[in-house]
Amino acid sequence: MSQKKVVLITGANSGFGRLTAESLARKGYSVFATLRDIDGRNAEPANQLRALAASENLDLNLVELDLQDEVSIRKAVEEVITRAGRLDVVVNNAGVVQSGVTEAFSVDEARSLFETNFFGAYAVAREALPQLRKQREGLFVNVSTGVSRTPMPFMGFYSASKAALETLFEQL
């Protein structure tokens, strides 16, 4: 009998992350859905995911993870590996979309967007890679956008952050 694949998904409180977590759990994967501030602003989506897992008997687990906090990232990846004994797939889904006239963004606003969309995903990969190498297998899935290749007006920093993400992971 084959072992369940273990999946860590960032940004699972809503949107594609939540849909991915629910879909993979229903297909028999062991899913670790990550959210920021589980007991605060994301308490409602966290409780909804817990209720879904209980009502459908899904292997759907919640883990606190803030992509702008390296300690949080390290703890989350360690928790998944400790609880599941392995890690097979990392879905870098969490992201921030900000739009506006590019030159109107402050450097701090641009940095903040890159911290989540690029450096956060890199930090998760950096923590996960030793386990994937140890297992001699693993997969990264990055949720990106078409505007990373064909930028649209008012999407400059978002486009740039996703293009950087894609380039880095192609190299990895």
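The values are calculated or read from the model by the stated rules, or taken from the named source; none is laboratory data. Because the structure is predicted, anything quoted here is derived from the model rather than measured. Cβ placement follows ideal geometry from the backbone for every residue including glycine, while neighbour counts extend to all protein chains displayed. For the accessible areas, the whole protein counts, side chains as well, though only heavy atoms, and no ligand, DNA or RNA atoms are used. Shrake-Rupley method; radii C 1.70, N 1.55, O 1.52, S 1.80 Å.
List of remarks:
- Condition check for residue 47: of a type outside the set (Lys, Arg) and open to solvent by 20 Å² or more (accessible area, probe 1.4 Å): yes
- A Cβ distance below 8 Å, combined with a sequence gap of six or more or placement on separate chains, defines the contacts here; from segment 34-46, residues that are more than 23 Å from residue 121 (Cβ to Cβ) reach residues that are in a helix (DSSP H, G or I) in the pairs 39/46.
- Just one of (1) assigned to a loop (DSSP other than H, G, I, E, B); (2) open to solvent by 40 Å² or more (accessible area, probe 1.4 Å); (3) touching a residue at least 40 places away in the same chain (Cβ under 8 Å) fails for residue 115. It is (1).
- Hits in segment 1-33 - residues which are at pLDDT 95 or above, farther than 22 Å from residue 125 by Cβ and outside any helix (DSSP H, G or I): 27, 28
- Selected residue (only one of 35, 60, 67, 8 is over 23 Å from residue 165 (Cα atoms), open to solvent by less than 50 Å² (accessible area, probe 1.4 Å) and not basic (Lys, Arg)): 60
- Unique residue being within 22 Å of residue 59 (Cα to Cα), touching a helix residue (DSSP H, G or I) at 6+ places or on another chain (Cβ under 8 Å) and either at pLDDT 90 or above or part of a helix (DSSP H, G or I) (or both) when the list is 128, 163, 123, 110: 128
- Cβ-Cβ under 8 Å pairs, at least 6 apart or on other chains, segment 93-108 side farther than 26 Å from residue 10 by Cα, far side among the small types (Gly, Ala, Ser) and not in a loop (DSSP other than H, G, I, E, B): 102/156
- Test: residue in segment 42-51 that is outside any helix (DSSP H, G or I) and under 19 Å from residue 94 (Cβ atoms): yes
- Among the conditions (1) assigned to a loop (DSSP other than H, G, I, E, B); (2) more than 22 Å from residue 35 (Cβ to Cβ), residue 68 misses just one, which is (2).
- Enumeration of residues in segment 118-146 that are in contact with a Phe, Trp or Tyr (Cβ under 7 Å, 6 or more places away or on another chain) and buried (at least 17 other Cβ atoms within 10 Å of the Cβ): 125, 142, 143
- Residue within segment 97-107 that is of a type outside the set (A, V, I, L, M, F, W, C) and closer than 17 Å to residue 32 by Cα present: no
- Out of 87, 49, sole residue that is of a type in the set (A, V, I, L, M) and without any contact (Cβ under 8 Å) to a residue 60 or more places away in the chain: 49
- Number of residues in segment 131-153 that are outside any helix (DSSP H, G or I) and under 14 Å from residue 96 (Cα atoms): the value is 4.
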